[in-house]
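The values are calculated or read from the model by the stated rules, or taken from the named source; none is laboratory data. As the structure is a prediction and not an experimental result, all values here were calculated from the model. A quick note on method: Cβ atoms are made from the backbone with ideal geometry, for glycine too, and the neighbour counts reach across all protein chains shown.
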Amino acid sequence: MAWNPDTYNRFKSERSAPFYDLLALLKVQPDLNVIDLGCGTGELTALLAEALPGSHVLGVDSSREMLDKSVKTGGGVLRFECISIEDQLKKQQQWDVVLSNAALQWVPDHETLFPRIITKIKPGGQLLVQMPAQHHNLTNQLLEELGTWEPYADIYQGWNRVSPVLEINRYAEILFENGSKSMQVFEKIYPLVLDDVEALLTWVSGTALIPYLERLPEHLKSRFRNDYRVLLHQYFPKMPVFYPFKRILMAAQF
Ligand SMILES: C[S@@+](CC[C@H](N)C(=O)[O-])C[C@H]1O[C@@H](n2cnc3c(N)ncnc32)[C@H](O)[C@@H]1O
């Protein structure tokens, strides 16, 4: 999927806020081996490394465009690698901390993904994950709906980006079933106050809209965007646009 770091970073502070909440759940210890799955531009990975003195932190991401913006320290304390989360999980290595901020919603089949991730955590280690609760978020639901309309449905041929994100109680069960000794799992609303629908469209353009557009031929991309804009106007008629963006946060020790 073609990520655009500039579009993604248009809402830097709104997108960073949940990361700080996730970081607050981390039990800080010295000399940890840490991995950040789907690290993006790596700015937040660098903050993670700063919060963990003496630790070695690896950020992995499959997007070269995002990684091109990553901080190059050269010191070995903070490293980045272009690799998919799926391929990274095939490696034998285990970690003291596995963190993922706003990335695992792009990886399918959480019923098998989460147990697999947990096998990569050392005894006593920690898992920290933040993801949008996509099934509850109207901007995602409207994209799914538009994907079933013609002429798009004809091109998508049954494809629709149905979110892999589960209900939070299921994540709590998966953590328990896979050996969690303690956990915090909760949903939190991050209020977005945006000037107008155009700003909301820009917000979605940085993430959820991308897979819908990249499957369309050039001449239908702007039509899809316009149809989506019309839908957003119907559901968000007031200005400023208030959008209660719901996210799932979890921290567990094993
Ligand atoms: C919304 S961004 C979040 C980036 C960063 N964690 C942050 O909080 O700013 C999602 C990132 O996940 C990456 N991503 C999505 N699917 C991936 C996969 N299967 N393997 C590796 N990275 C993936 C994307 O390339 C993108 O950089």
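Could you please tell me which pairs satisfy a Cβ distance under 6 Å, a separation of 6+ or placement on different chains, a first residue in region 88-117 that is within 14 Å of ILE35 (Cβ to Cβ) and at pLDDT 95 or above, and a second residue that is crowded, with 20+ Cβ neighbours inside 10 Å and among the polar types (S, T, N, Q)?
Close Cβ pairs (under 6 Å, with a partner that is crowded, with 20+ Cβ neighbours inside 10 Å and among the polar types (S, T, N, Q)) amount to VAL97/GLN126; ASN101/GLN130.
Quick check: anything in region 165-173 exposed (fewer than 15 other Cβ atoms within 10 Å of the Cβ) and part of a loop (DSSP other than H, G, I, E, B)?
Yes; the residues of region 165-173 include at least one that is exposed (fewer than 15 other Cβ atoms within 10 Å of the Cβ) and part of a loop (DSSP other than H, G, I, E, B).
With respect to the numbered conditions (1) modelled with pLDDT of 95 or more; (2) within 25 Å of GLY179 (Cβ to Cβ), which one is the sole condition not fulfilled by ALA133?
(1)
State all residues of region 36-82 that are without any contact (Cβ under 8 Å) to a residue 60 or more places away in the chain, aliphatic (A, V, I, L, M) and under 15 Å from MET1 (Cβ atoms); if no residue qualifies, say none.
Within region 36-82, just LEU67 meets the criteria.
Quick one: which strands (runs of 3 or more DSSP E) lie wholly within region 46-154 and hold at least 3 residues that are within 12 Å of the ligand (Cβ to nearest atom), touching a strand residue (DSSP E or B) at 6+ places or on another chain (Cβ under 6 Å) and of a type outside the set (Gly, Ala, Ser)?
Once the strands (runs of 3 or more DSSP E) in region 46-154 are filtered for at least 3 residues that are within 12 Å of the ligand (Cβ to nearest atom), touching a strand residue (DSSP E or B) at 6+ places or on another chain (Cβ under 6 Å) and of a type outside the set (Gly, Ala, Ser), what remains is 121-132.
Given SER163, SER84, SER182, which one is closer than 23 Å to CYS39 by Cα and modelled with pLDDT of 95 or more? Can you show your working first?
Values: SER163 fails: modelled with pLDDT of 95 or more; SER182 fails: closer than 23 Å to CYS39 by Cα.
Answer to the check: SER84.
So that you can scan it fast, the table gives a plain yes or no per residue for (1) under 22 Å from the mean Cα position of the chain (by Cα); (2) in contact (Cβ under 8 Å) with a residue 12 or more places away in the chain; (3) under 30 Å from LYS122 (Cα atoms):
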position: PHE176; (1), (2), (3): no, no, yes
position: LEU200; (1), (2), (3): yes, yes, no
position: TYR212; (1), (2), (3): yes, yes, no
position: ARG215; (1), (2), (3): yes, yes, no
position: LEU220; (1), (2), (3): no, yes, no
position: ASN226; (1), (2), (3): no, no, no
position: TYR235; (1), (2), (3): no, yes, no
position: VAL241; (1), (2), (3): no, yes, no
position: LEU249; (1), (2), (3): yes, yes, yes
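What about ASN33, is it surrounded by fewer than 21 Cβ atoms within 10 Å (Cβ to Cβ) and within 11 Å of the ligand (Cβ to nearest atom)?
No.
Restricted to region 22-49, and to residues that are under 21 Å from the mean Cα position of the chain (by Cα) and among the acidic types (Asp, Glu), which residue is nearest to PRO132 (Cα to Cα)?
ASP36
For region 174-215, what are the residues that are surrounded by 15 or more Cβ atoms within 10 Å (Cβ to Cβ) and of a type in the set (Gly, Ala, Ser)?
Those that are surrounded by 15 or more Cβ atoms within 10 Å (Cβ to Cβ) and of a type in the set (Gly, Ala, Ser): SER180, ALA199, SER205, GLY206, ALA208.
Does at least one position in region 158-167 carry a residue that is of a type in the set (Lys, Arg), within 20 Å of ALA208 (Cα to Cα) and touching a residue at least 24 places away in the same chain (Cβ under 8 Å)?
Yes, that holds for at least one residue.
If I ask for residues that are at pLDDT 90 or above, assigned to a helix (DSSP H, G or I) and out of contact with any helix residue (DSSP H, G or I) (no Cβ under 8 Å at 6 or more places or on another chain), which ones from region 1-42 would you list?
ALA17, PRO18, TYR20, ASP21, LEU22, listed by residue number.
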